[in-house]
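In what follows, a single structure is set out as structure tokens and then discussed.
The values are calculated or read from the model by the stated rules, or taken from the named source; none is laboratory data. If you're wondering where the values come from, they're calculated on a predicted model, not measured in any experiment. Methodologically, a virtual Cβ is constructed for each residue, glycine included, from the backbone with ideal geometry; neighbour enumeration extends over all protein chains shown.
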Protein chains: 2
Amino acid sequence: MKHAVVLLSGGLDSATALAIARSQGYETYALSFDYGQRHRQELDAARKIAKSLAAKEHRIIKIDNQIFSGSALTDDIDVPKSRSEKEIGAGIPVTYVPARNTIFLAHALAWAETIPAGHIFIGANAIDYSGYPDCRPEFIALFEMLANVATKAGVEGARVQIHAPLIKFSKAEIVRKAVELDVDLSLTHSCYDPLPDGRACGKCDSCQLRQKGFGEAAVTDPIKYAPVRP
Amino acid sequence: MKHAVVLLSGGLDSATALAIARSQGYETYALSFDYGQRHRQELDAARKIAKSLAAKEHRIIKIDNQIFSGSALTDDIDVPKSRSEKEIGAGIPVTYVPARNTIFLAHALAWAETIPAGHIFIGANAIDYSGYPDCRPEFIALFEMLANVATKAGVEGARVQIHAPLIKFSKAEIVRKAVELDVDLSLTHSCYDPLPDGRACGKCDSCQLRQKGFGEAAVTDPIKYAPVRP
């Protein structure tokens, strides 16, 4: 059986990436990170998703909180709310976390070499996304090249492939793919700034991209949102 | 003033890399990792070296011990001893730690972006070395390409450079460079498998490469070794 490490944040995209890996016949090793994110409840979502999609193993790796700073996701900086589609599409927002996917994929690579697994899946998406540089196809392609030069496995000919199956999907296409693969969307968590009771804010970039995707796919989003105030 | 993050293990090579960065006029930010290595005393060495070479700041980052396994440096696997030069030069030894430099450089990249620093120094060496794939020039070059695609800084034009000033140095040349730059070599720790009292074993690959370097440079190694038994 083919083995794959799958980065699993607990959001819609990574849950769908995990379901895709599974549907392609991989035995999956789900990998999540506790990096001091304000939306740490995504880790509970990740646990439930890993179980629901029958991951062979799920690890939550702690990232030293000295390393990520300067981001609205890790520091005391306001998460932008109610931005227009044009604003979301322009530039790299303050929710950007320095070198996050490089650190995540580097950990995935270490684990993959140990398992051993020749495949790593990441739910990165460069269409309806937040403009993060490390979600773009050129980043994924370069990391794959690096992976094969960096490791004993790569040097000895056991090629590592980085799969980003959603990279060119719209958010609506991701929702449709998730439905097709029976992902329990009620388990997924996308909000950057959830309420204390766990409901999504409905206004951060991530909530807005999610809602747009469900809307365009004509699928009802099963998660709970904070009531819209006038 | 130019800023540089410098990977500092506490060994001869990284101490020399730090001294080189300093001699080139960089304000230095030393970065070490606690990854469950059996030679954890190298972290004490790193602390002393960072201070002695006037690093502006020194951070020791904890790597989750779930991630590195299967190596003689992190697991209960014997560190090879008294190998011949030919044996040391052949293949990748069991002291290889999966994706270690990828993880280390990824953390350096995150910190560099936060400082911000446009330069990262690593003491990697591909001549008198242990055959680790992530110490080779092609790895360093690819990581630099990745760094400039992965980050906001890179995308916005603030180029990140990865410096590996020792990559083509013999161990003897590294020793000579360290002496030239007044590195206090008594502070450096290279041994993979030190005695409980801190003395170097003198027999692991790292000790042997170090001793060969000091010998060829005709410099007395100031650290203490376990007595040689017949």
Just to be sure, is B:Val160 touching a residue at least 24 places away in the same chain (Cβ under 8 Å), surrounded by fewer than 21 Cβ atoms within 10 Å (Cβ to Cβ) and within 27 Å of B:Met1 (Cα to Cα)? no
Of the residues in the stretch A:196-221, those that are touching a Phe, Trp or Tyr at 6+ places or on another chain (Cβ under 9 Å) and free of Cβ contacts under 8 Å to residues at least 60 places away in the same chain come to A:Arg199, A:Ala200, A:Gly202, A:Cys207, A:Gln211, A:Thr220, A:Asp221
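Restricting the stretch B:56-67 to residues that are more than 7 Å from chain A (Cβ to nearest Cβ) and among the β-branched types (Val, Ile, Thr), which is nearest to B:Ile120 (Cα to Cα)?
Among residues in the stretch B:56-67 that are more than 7 Å from chain A (Cβ to nearest Cβ) and among the β-branched types (Val, Ile, Thr), the one nearest to B:Ile120 (Cα to Cα) is B:Ile60.
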Note: among A:Asp193, A:Asp197, just one is surrounded by fewer than 15 Cβ atoms within 10 Å (Cβ to Cβ) and assigned to a loop (DSSP other than H, G, I, E, B), namely A:Asp197
Query - Selection status of A:Gly154, small (Gly, Ala, Ser), modelled with pLDDT under 95 and farther than 20 Å from A:Leu8 by Cβ - result: yes
Here the residues within the stretch A:145-157 that are facing another protein chain (nearest Cβ under 10 Å) and either in contact with a Gly (Cβ under 8 Å, 6 or more places away or on another chain) or free of Cβ contacts under 8 Å to residues at least 40 places away in the same chain (or both) are A:Met145, A:Leu146, A:Ala147, A:Asn148, A:Val149, A:Lys152, A:Ala153, A:Gly154, A:Val155, A:Glu156
Looking across the stretch A:106-147 at residues that are over 16 Å from the mean Cα position of the chain (by Cα), aliphatic (A, V, I, L, M) and in a loop (DSSP other than H, G, I, E, B), the single one that is farthest from A:Arg83 (Cα to Cα) is A:Ile115
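To keep it simple, each residue is scored yes or no on (1) touching a strand residue (DSSP E or B) at 6+ places or on another chain (Cβ under 7 Å); (2) modelled with pLDDT under 95; (3) on the phi < 0 side of the Ramachandran plot.
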| residue | (1), (2), (3) |
| --- | --- |
| B:Ala4 | yes, no, yes |
| B:Ala17 | yes, no, yes |
| B:Leu31 | yes, no, yes |
| B:Ile67 | yes, yes, yes |
| B:Ala72 | no, yes, yes |
| B:Glu85 | no, yes, yes |
| B:Ile88 | no, yes, yes |
| B:Thr95 | no, yes, yes |
Among the residues of the stretch A:147-171, the number that are at positive phi and among the aromatic types (Phe, Trp, Tyr) is 0
Filtering the stretch A:48-87 down to residues that are touching a residue at least 12 places away in the same chain (Cβ under 8 Å), part of a helix (DSSP H, G or I) and charged (D, E, K, R) yields A:Lys48, A:Glu85
When restricted to A:Leu109, A:Leu53, A:Leu73, the only residue of a type in the set (A, V, I, L, M) and within 12 Å of chain B (Cβ to nearest Cβ) is A:Leu109
Scanning the stretch B:97-133 for residues that are touching a helix residue (DSSP H, G or I) at 6+ places or on another chain (Cβ under 7 Å), aromatic (Phe, Trp, Tyr) and either surrounded by fewer than 24 Cβ atoms within 10 Å (Cβ to Cβ) or modelled with pLDDT under 95 (or both) gives B:Tyr129
- Quick one: is B:Ser206 within 25 Å of B:Ile77 (Cβ to Cβ), outside any loop (DSSP other than H, G, I, E, B) and among the hydroxyl-bearing types (Ser, Thr, Tyr)? yes
Cβ pairs under 6 Å, 6+ apart or interchain, first in the stretch A:14-38 and closer than 21 Å to A:Arg199 by Cα, second among the hydroxyl-bearing types (Ser, Thr, Tyr) and surrounded by 24 or more Cβ atoms within 10 Å (Cβ to Cβ), ordered by first then second residue, are A:Ala15/A:Thr188
Given the conditions (1) within 14 Å of the chain's Cα centre (by Cα); (2) hydrophobic (A, V, I, L, M, F, W, C); (3) in a helix (DSSP H, G or I), every one holds for B:Val97 apart from (3)
In the set A:Ile174, A:Ile162, A:Ile167, the lone residue that is under 17 Å from the mean Cα position of the chain (by Cα), assigned to a helix (DSSP H, G or I) and either within 14 Å of another protein chain (Cβ to nearest Cβ) or at pLDDT 95 or above (or both) is A:Ile174
Restricted to the stretch B:128-143 and to residues being touching a Lys or Arg at 6+ places or on another chain (Cβ under 9 Å) and acidic (Asp, Glu), the residue farthest from the other protein chains (Cβ to nearest Cβ) is B:Asp128
How many residues of the stretch B:29-47 are under 30 Å from A:Ala108 (Cβ atoms) and either in a helix (DSSP H, G or I) or among the hydroxyl-bearing types (Ser, Thr, Tyr) (or both)? The answer is 6
